[in-house]
1. Check which residues have an amide H placed less than 5 Å from Leu8's amide H, if you skip close sequence neighbours.
2. Spelling out what I want: for every residue of the stretch 6-23, take phi, set θ = phi - 60°, compute 6.51 cos²θ - 1.76 cosθ + 1.60 (Karplus), and round to whole Hz; glycine and proline get x.
3. List the residues whose amide H sits under 5 Å from the amide H of Thr212, counting only those 5 or more places along or on another chain, with H placed 1.01 Å from N in the peptide plane.
4. Give me a comma-separated list of calculated 3J(HN,Hα) values for the stretch 212-217, in order, Karplus coefficients 6.51, -1.76, 1.60 applied at θ = phi - 60°, integers in Hz, x for any Gly or Pro.
5. Whole number in Å², please: accessible area per residue of the chain, 1.4 Å probe, ligands, DNA and RNA not counted.
6. What lysines does Lys2 reach when the alpha-carbon gap must be under 19 Å and sequence neighbours fewer than 8 apart in one chain are set aside?
7. For the chain, what % of the accessible area comes from carbon and sulfur atoms, probe 1.4 Å?
8. Test of understanding: in a Gaussian network model of the chain with alpha carbons linked when under 10 Å, which of Asp189, Asp123, Asp172 would top the mean-square fluctuation ranking?
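The values are calculated or read from the model by the stated rules, or taken from the named source; none is laboratory data. For clarity, every value in this text was computed on a predicted model and none was experimentally measured. Cβ placement follows ideal geometry from the backbone for every residue including glycine, while neighbour counts extend to all protein chains displayed. Only protein heavy atoms, including side chains, enter the accessible area calculation; ligands, DNA and RNA are left aside. Shrake-Rupley method; radii C 1.70, N 1.55, O 1.52, S 1.80 Å.
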Amino acid sequence: MKPFDYHLATSPADAVATLAEHPDAAFLAGGTNLVDHMKLGVAEPDLLVDVSHLDLAETVLTDSGVRIGANVRNSDLAADPVIRSHYPMLARALLSGASDQLRNSATTAGNLLQRTRCVYFQDVTTPCNKREPGSGCSALGGYVRYHAILGASPQCIAVHPSDMAVAMSALDAHVVVRNTEGERRIALDEFYRLPGDEPHRDTVLQHGELITAVELPAPPPDAVSDYRKVRDRASYAFALVSVAAELSFTSTFQIGSARIALGGVAHKPWRARKAEAVLVGDQPSDEVFAAAADAELAQAEPQPGNEFKVDLARRTLIAQLRMLTARRRP
C-alpha cells in the first residue's frame, strides 16, 4: 500500500476545506471499499480525511419524509423502525448486501460511493478505462457475466454494485452535498453518471464535495414495495439482476403510481421510467407487467456471454410486480 497522510476532520466544513486543498486526497468513513482498493493499488490517495466521527449518524423524520445521515451504518439503517415500516424495500436491499460485519462498518454515503466490482477494474495488471482513462476496456470480449446490458458504452461495461442505491433510486432519493460554498441537493437519478467517454467518473460530485445526508420523500399512501435480488449464491454475492419496486393502487384497483429501479444491469441504478409509464393507469395483469418489462428492456445491448441477463431481468421484474399486486389485491 502506498504511504499516505491522515487527518481527522473536526467538522464537515473542516473536512471539505482540507480535501479541497489536496487534489489526491480522499474521504474515509467505514473504509470497506476504499481500503480494499488501496491494498490492491486501485486507489492511491496521498491523504485520507477521516469523516467517520462527524455528527452525521442520525435518521430523522421530517415533514416531507426522512433524512438519513451520511454516517448512519448500513446495519443501523436496516434495523431502524421508521425505515422498516415506511421504506421496507430499503431495509430489504440493505440486508441483501454484504455480510453482517461489513454492514456494521459501511456507511450510507460510502455505500452510495462504492466502486464497481468488475474484475478488470480491480486487477491493476489489466487495462481499464475506469481506473486509467484511455487504456482500454478488458471486459469487452472477456468475462462479462456480471456486466451491463443497459446504458454501457464502448469505453466501459461495468455495473454499479450497490443494493441500497437501487432501492434509493426507486424511492426518489436526493443526496445532500456540502462543498466550500455551501450545500446542494442532487436527485439520485442525476447523481450517478453513465460511462460515456468518461467512465472514470462515477458521479457528478466534484473534488472536495462531501455527502452529508440522503433525503427520502414520504411514500404514497398504502403503497406496497419490496426488493428482489437474483444472485449466483444465497448470500454475500453481488446481483446478477435486482428489482426495487413500489406500487400504489386506486380505489378501482388500477395502478396509481409505480416506481421501479433495476440493479446489476447498468453503470448506475437503472430507473425504469419506460416500465413505470406502461404500468400507471392500467389494471395489473401479467400481460401489462410483461409489456412494461419489454418496454424497458427493448434498449438492452448485452455482450456475448451475458445475454441471459435480459430474460432474467424481464422475469424478475414481472415476478416482483406480480408479488406486490398480490399483497394489495382486494
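1. Under 5 Å from the amide H of Leu8: Asp50.
2. 9, 9, 8, 5, 9, 6, x, 5, 5, 4, 5, 5, 5, 5, 4, 7, 10, x
3. It is Val176, Val177, Arg178, by chain and number.
4. Running phi through 6.51 cos²θ - 1.76 cosθ + 1.60 with θ = phi - 60° gives 10, 6, 10, 10, 10, x Hz.
5. Working: 14340 Å² over 330 residues.
Computed with neighbouring chains in place, this is 43 Å² per residue.
6. Cross-link targets: Lys39.
7. 50 percent
8. Highest fluctuation of the listed residues: Asp123.
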